[in-house]
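Okay, structure first, notes after.
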Amino acid sequence: MKAILHCDKEWGIGKHNDLMFHIPEDMKFFKATTLGKVVVMGSNTLLSFHEGKPLVGRTNIVLWPNGDRARAEKYGYVQVESLRDLFAEVAKYAPDDVFVIGGAMMYHTLLPYCSEVLVTKVDAKGDAEVYFDNLDEMSEWALESMSDPIIDNGYAIRFCKYVNKEVKEF
C-alpha cells in the first residue's frame, strides 16, 4: 500500500475539507498514478469530491462506520466499517495498486502500513487546518527521490518519493 498527497512547506494537507492548492501538474500526476488502481479514503474525503461521488476509473474503498450502504451501492464504492474490514478488503489487491488518498486521520492511521509515500511538495504556506506526519523527522522514512522544481499555477512544486524501512503487516 502507498499514500499519495500534496502538502505545503509545513506538511499541511488541507483546509475546509478541501485541497489548499489547485495545481494542474499535481492533479495530472495524481490521476495518472491512481487511474485503474484502488484508492482508500475516509468518508470526509469522499464527501469533499464533486457531489460526494467516488473517483471515476478507480476502485474506491471508503472507511465509513455506520455509513449508508444504499449510498455506497448507488455510487459504486466499497464501504467498510472498521479498520479490520478495511485491511481485509485491501488484501484482495496487489499492494502496489492501493493508494491512501486521505484524509488526515486515514493517512496517520495507515502510514505505518504504507511502503512508500508520493508527495508533491508545494513551496508555499497554505494556512492548513490538517497536517500530514512530517516524514523528514521520522527515522523509519527516507527520501528516495525528488524532482527538480516545476512552476505551475504560480507555485514551485517538487515530486518526492519517500520509502518506509519498517513497513507493518496487517
Query raised in the report: Residue farthest toward the positive end of the dipole of the stretch 15-119, with Cβ of Lys/Arg at +1 and Asp/Glu at -1: which of HIS22, PRO112, VAL56?
Result: VAL56
Report summary line: Asserting the computed 222 nm helical MRE of the chain (DSSP H runs at least 4 long, -39500 (n - 2.57) per run, divided by residue count, to nearest 500) equals -6000 deg cm²/dmol
Query raised in the report: Cα extents of the chain along the three principal axes, largest first, in whole Å?
Result: 44, 36, 28
Query raised in the report: Which order results if ARG158, ARG58 are arranged by neighbouring Cβ count within 10 Å, fewest first?
Result: ARG158, ARG58
Report task. Sort TYR107, TYR113, TYR131 so that the residue with the fewest other Cβ atoms within 10 Å of its own Cβ comes first and the one with the most comes last. Result -> TYR131, TYR113, TYR107
Report summary line: Restricting to Cα pairs under 8 Å and 6 or more apart, the percent relative contact order of the chain works out to 32 percent
Query raised in the report: What's the local net charge at HIS16, with K and R +1, D and E -1, over the other residues with C-beta under 15 Å away?
Result: -3
**Report entry** 13 Å beta-carbon shell around ILE157, net charge (K/R +1, D/E -1)
**Finding:** -2
Report summary line: Taking Lys and Arg as +1 and Asp and Glu as -1, residues besides PRO112 with C-beta under 14 Å from its C-beta add up to -2
Query raised in the report: How big is the convex hull of the Cα atoms of the stretch 70-170, per residue, in Å³?
Result: 150 Å³
Query raised in the report: Which of the pairs LYS74/LYS165; LYS92/LYS165; LYS74/LYS161; LYS37/LYS74; LYS74/LYS121 have their Cα atoms more than 31 Å apart in this structure?
Result: LYS74/LYS165; LYS74/LYS161; LYS74/LYS121
Query raised in the report: Check VAL80: other-chain or 5+ apart residues with amide H under 5 Å from its amide H, H built from backbone geometry?
Result: VAL62, LEU63, TRP64
Report summary line: Interchain or sequence-distant (5+) residues whose placed amide H lies within less than 5 Å of the amide H of VAL130 are ILE13, GLY14
Query - Per-residue Cβ neighbour rank within 10 angstrom, fewest leading, ILE61, ILE150 - result: ILE150, ILE61
**Report entry** For the stretch 27-122, convex hull volume per residue from C-alpha positions, Å³
**Finding:** 106 Å³
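Quick note: the coordinates plus some simple rules give every number you see, no bench work behind them. A quick note: this is a predicted structure, and the numbers were derived from the prediction, not measured. Cβ sites come from the backbone with ideal geometry, for glycine too, and all protein chains shown count toward neighbours.
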